[in-house]
Amino acid sequence: MDGYSFSLIVKEKEVPADLEQAQRQVWELNRATKHVIATETKLQEMICSVLQSQSQLAERMKAENPEYLDQVRLDANLRENIQTVSQAKELSKQYGKDASSVLKEMAHLAGLIL
């Protein structure tokens with residue numbers, strides 16, 4: 001184990017197909033979980049930035065679109081987008097927890113302690 005990097009190395013000339021498949025799956029799972037964990041912080045920062053600037057976005061929208069019907073439509077779109085961003089925030093937290101759990105389970109199965 002190298003940090004959070006897991007790999008399965010086999011030093012046999014003829015590797016059984018099942019073992020090759022397991023090796024590929026471990027590598028892909030390791031890569032995917034590390035990617036989720038690495039991007040979670042960036043995504044949380046972006047989401048917080050959008051949520052914090054919600055009122056400024058609404059003001060800019062009103063200033064640039066004085067027509068009442070446009071404002072109503074754009075306001076509804078903004079509310080829907082903010083709800084989607086809030087949902088993405090919660091889901092990304094859960095995905096990060098799940099990815100960490102997978103890495104811990106991989107370490108446990110490998111007999112390692114994190």
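The residues on offer are GLN25, GLN83, GLN56, GLN71, and the sole one that is modelled with pLDDT under 85 and polar (S, T, N, Q) is GLN71. Looking across segment 75-91, the residues that are surrounded by fewer than 11 Cβ atoms within 10 Å (Cβ to Cβ) and either on the phi > 0 side of the Ramachandran plot or of a type in the set (Asp, Glu) (or both) come down to GLU80, GLU90.
Quick one: would you say VAL72 is more than 26 Å from SER7 (Cα to Cα) and surrounded by 14 or more Cβ atoms within 10 Å (Cβ to Cβ)? If you could, list the steps in order and put the result at the bottom.
Working: more than 26 Å from SER7 (Cα to Cα): yes; surrounded by 14 or more Cβ atoms within 10 Å (Cβ to Cβ): no.
So VAL72 fails the test.
Run LEU109 past the list (1) surrounded by 11 or more Cβ atoms within 10 Å (Cβ to Cβ); (2) within 23 Å of SER5 (Cβ to Cβ); (3) of a type in the set (A, V, I, L, M) and report the number of the one that doesn't hold. Exception for LEU109: condition (1). Of all residues being of a type in the set (Ser, Thr, Tyr) and under 22 Å from LEU91 (Cα atoms) in segment 7-63, which is surrounded by the most Cβ atoms within 10 Å (Cβ to Cβ)? Just the residue, please. Residue satisfying both the conditions and the ranking: THR33.
The values are calculated or read from the model by the stated rules, or taken from the named source; none is laboratory data. Note that the structure is predicted; figures quoted are calculated from it, not measured. As a convention, Cβ positions derive from the backbone with ideal geometry for all residues, glycine included, and neighbour counts pool all protein chains shown.
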